[in-house]
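The values are calculated or read from the model by the stated rules, or taken from the named source; none is laboratory data. Since this is a predicted model, take the numbers as computed values, not measurements. Cβ: placed from backbone, ideal geometry, glycine included. Neighbour counts: every protein chain shown.
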Amino acid sequence: MNEGKTIVRAMCAIGRRGQLGLRGELPWEGDPDPVYAADAARFFEATRGHVLIAGPATRASIPAFAEADREVVEIRSRDVPAEVLARFPGRVVYVCGGPALWASYAPWVQHWDITRLPYDGAADRWFDPAWLTAG
């Protein structure tokens, strides 16, 4: 039982060298390899019934079907993380997408769920291992 405490988690997939994004999308977006579809399915299964907080770009990328069984909340960089998280007592909150968001919320993240995918191409956004020890 949570007893009113917000549980903060982050879940992301990274490429072999820590790649996170390319031109506002996942670098492997559109790759037909089943490993990428399986990772997306795992994300939506794990976050079912929980709260997803996301910046505008990530929020826009969340498919409509996801609205039915999770609460998706768009946040802005000016929002104070402690105040945002306080809005969800007793809930599990997943911090979704984007280096700026993960950097801001890293001190509150209690569990990082990171999948390393076989992608080894270009990127313009990277995972920062310092996020793992920010809390």
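Let me confirm something: among R91, R76, which residue is under 14 Å from L52 (Cα atoms) and without any contact (Cβ under 8 Å) to a residue 40 or more places away in the chain?
Testing whether each residue is under 14 Å from L52 (Cα atoms) and without any contact (Cβ under 8 Å) to a residue 40 or more places away in the chain leaves just R76.
Looking only at the range 113-133, which residues are of a type in the set (G, A, S) and either surrounded by 13 or more Cβ atoms within 10 Å (Cβ to Cβ) or touching a Cys at 6+ places or on another chain (Cβ under 9 Å) (or both)?
Of everything in the range 113-133, just one residue is of a type in the set (G, A, S) and either surrounded by 13 or more Cβ atoms within 10 Å (Cβ to Cβ) or touching a Cys at 6+ places or on another chain (Cβ under 9 Å) (or both), namely A123.
Kindly evaluate V35 against the criterion of being β-branched (V, I, T), over 24 Å from T133 (Cβ atoms) and in contact (Cβ under 8 Å) with a residue 40 or more places away in the chain.
When the stated conditions are applied, V35 passes them.
Name the single residue, out of those in the range 83-112 being in a strand (DSSP E or B) and surrounded by 14 or more Cβ atoms within 10 Å (Cβ to Cβ), that is modelled with the lowest pLDDT.
The extreme case among them is C96.
Cβ-Cβ below 9 Å, separation at least six or inter-chain, first residue in the range 1-28 and closer than 11 Å to A122 by Cα and surrounded by 12 or more Cβ atoms within 10 Å (Cβ to Cβ), second of a type in the set (S, T, N, Q) and at pLDDT below 95: which pairs?
Filtered contacts from the range 1-28: L26/S61.
Filter the range 25-45 down to the residues that are touching a strand residue (DSSP E or B) at 6+ places or on another chain (Cβ under 9 Å) and part of a loop (DSSP other than H, G, I, E, B), then identify the one that is nearest to V72 (Cα to Cα).
Applying the filter and picking the extreme gives L26.
Suppose we keep only residues that are at pLDDT 95 or above and part of a loop (DSSP other than H, G, I, E, B) within the range 46-68. Which one would you say is surrounded by the most Cβ atoms within 10 Å (Cβ to Cβ)?
It comes out as T47.
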